[in-house]
Amino acid sequence: MRENAGGVNHRLLGLIVLSTVFGLGHHADHVIRGNHIGWPVTAQVNPFTYSLVIYPVILLGLYLTWRDRVGARYWFVVALLGLAMLGGIHFGPWAIEPPHDIISPYRSTVFGYLAFTWLFGLLGTLLVTAVYAARQWRDVQPVR
């Protein structure tokens, strides 16, 4: 794939895919440990349910990237918003799912810390994706 006019190349697409894999794993972790889950797993609508909106946003973005309709700016915004949302939900002063809620449901502390490490992998990948997308976006801006 060539770099599109919006600055999306193989590296950025790879980071998007990696972030998506980490996101899917984190959502699976919610279901495995059985806390902070909502629709479609339970009848309750909660932040878990709303967070699933990311997958249609990613699919739409991939389609629009393929059609050269969006570029690195889109992916910068998506990654930055994802990073802010996850950081706030898990670590902010009003965290609704603090680290203890990720680690303690597991019988094995090792599995709890693996799930917590996976979350850090997701956060780190989103950070790298946002920084890389910002650089790509900057590089395709017209010089004035």
Task: Computed Rg/Rh of the chain, alpha carbon atoms with Kirkwood Rh - done: 1.03
Task: Folded to 0 to 90 degrees: helix 109-139 orientation relative to the chain principal axis, Cα - done: 20 degrees
Task: In sequence order, calculated HN-Hα J values of the range 93-102 (Karplus, 6.51, -1.76, 1.60; Hz; x Gly/Pro) - done: x, 10, 4, 8, 9, x, x, 4, 5, 8
Task: Distance (nanometres) between label positions extended 7 Å along Cα→Cβ at I96 and N46 - done: 0.8 nm
TODO: Relative to the longest principal axis of the C-alpha atoms of the chain, give the angle of the C-alpha long axis of helix 72-91, reported between 0 and 90° and rounded to the nearest 10°.
DONE: 20 degrees
Open item on the list: Explain nothing, just the number: relative contact order of the range 1-79, from Cα pairs under 8 Å at least 6 residues apart, as a whole percent.
Closed with: 36 percent
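Calculate the FRET efficiency for V128 and R107 from the Cβ-Cβ distance with a Förster distance of 22 Å, rounded to the nearest 0.05. Could you put the intermediate results ahead of the total?
On the way: r = 33 Å, r/R0 = 1.49.
Between V128 and R107 the formula returns 0.10.
Note down the relative contact order for the chain as a percent, whole number, built from C-alpha pairs under 8 angstrom at least six residues apart.
35 percent
None of the figures in this text is laboratory data; all of them are computed from the coordinates on show. For clarity, every value in this text was computed on a predicted model and none was experimentally measured. FYI the Cβ positions are ideal-geometry reconstructions off the backbone, even for glycines, and counts take in every protein chain you see.
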